[in-house]
Amino acid sequence: MELVYPPVVALAKTVMFRVLDNKVTVEGAEHIPASGGAVLASNHASYLDFIYCGFGAQPARRLVRFMAKKQVFDHRISGPLMRGMRHIPVDRKAGTAAFRHAIDSLRAGEIVGVFPEATISESFTVKGLKSGAARMALEAGVPLIPMAVWGPHRLWTKGRKKELTKRHVPVIIKIGAPVAVAPDATPETVTATLKERLTVLLDEVQRAYPDKPSGPDDTWWLPAHLGGTAPLPPSPASTI
């Protein structure tokens, strides 16, 4: 029985829709399977992304088990909630245990949520991806579903003051078709395809976003290639 997750979802919906009056749009919800395991891989621009990524699976009536750093589980307030919602702790010093936990969950028919960039992208573009999402999907034999989320970074992101009471912020959640996997696919080739798909999805939601900066001092939340003042993404040479 799910004793913790449903009340948390209900509270999140109350905050999003009634208190903050977020205009949340979900596109591509039909790509979330009604049953069975799947890896849901999203871009990462906000500390609130997991809330909205989970919301994207709500039309299919699915609960997402997110992989999150162990420190969140050790916190006296968030820890009991994370464990109660059966999310998956990740200890970067012992990552194999988290990987096996995720595989077991996938094989048990769960949806596992992953942010393959591993950290928030301050450029608001898709960074280089870790291969864990692809490896999990390949080993468990489940779909790898890309998702782009845009808007929550205006409430809380890295290097900016929280604005958790800011109202009427639009949020677009776009879910893509599962990544096609060839019989001879490797985690590296699947990861490269996933990055391409996430980049396209993110660009689509950024260009479709209904809000515009209110003035020159409000361009921080747009990527540089769309006229914003977010930092430029690192060049490939600097990531080697």
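The values are calculated or read from the model by the stated rules, or taken from the named source; none is laboratory data. The structure presented is a predicted model; accordingly, all values stated were derived computationally and were not measured. A quick note on method: Cβ atoms are made from the backbone with ideal geometry, for glycine too, and the neighbour counts reach across all protein chains shown.
Quick grid of which residues meet (1) over 26 Å from Phe17 (Cβ atoms); (2) buried (at least 21 other Cβ atoms within 10 Å of the Cβ); (3) basic (Lys, Arg):
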residue: His153; (1), (2), (3): no, yes, no
residue: Val169; (1), (2), (3): no, no, no
residue: Leu201; (1), (2), (3): no, yes, no
residue: Ala208; (1), (2), (3): no, no, no
residue: Leu232; (1), (2), (3): yes, no, no
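Of everything listed in (1) farther than 21 Å from His153 by Cα; (2) assigned to a strand (DSSP E or B); (3) not polar (S, T, N, Q), the single unmet condition for Gly36 is (2).
For region 153-174, state whether one or more residues are among the β-branched types (Val, Ile, Thr), under 30 Å from Glu139 (Cβ atoms), in a loop (DSSP other than H, G, I, E, B) and more than 18 Å from the chain's Cα centre (by Cα). For region 153-174, residues among the β-branched types (Val, Ile, Thr), under 30 Å from Glu139 (Cβ atoms), in a loop (DSSP other than H, G, I, E, B) and more than 18 Å from the chain's Cα centre (by Cα): absent. Give the residue that is nearest to Ala41 (Cα to Cα), with candidates limited to residues of region 164-205 that are at pLDDT 95 or above and acidic (Asp, Glu). In this case the residue turns out to be Glu196.
Scanning region 39-77 for residues that are surrounded by 17 or more Cβ atoms within 10 Å (Cβ to Cβ), assigned to a strand (DSSP E or B) and without any contact (Cβ under 8 Å) to a residue 40 or more places away in the chain gives a single hit, Ala68. Only residues that are closer than 20 Å to Leu155 by Cα and of a type in the set (A, V, I, L, M) were counted across region 181-240, and they come to 7. Scanning region 73-131 for residues that are of a type in the set (Gly, Ala, Ser) and in contact with a Pro (Cβ under 7 Å, 6 or more places away or on another chain) gives Ala98, Ser123, Ser131.
Out of all the residues in region 128-137, which are surrounded by fewer than 23 Cβ atoms within 10 Å (Cβ to Cβ) and either farther than 22 Å from Ala38 by Cα or small (Gly, Ala, Ser) (or both)?
Result: Gly128, Ser131, Gly132.
Scanning region 70-82 for any residue that is farther than 29 Å from Glu27 by Cα, touching an Asp or Glu at 6+ places or on another chain (Cβ under 6 Å) and at pLDDT below 95 turns up at least one such residue.
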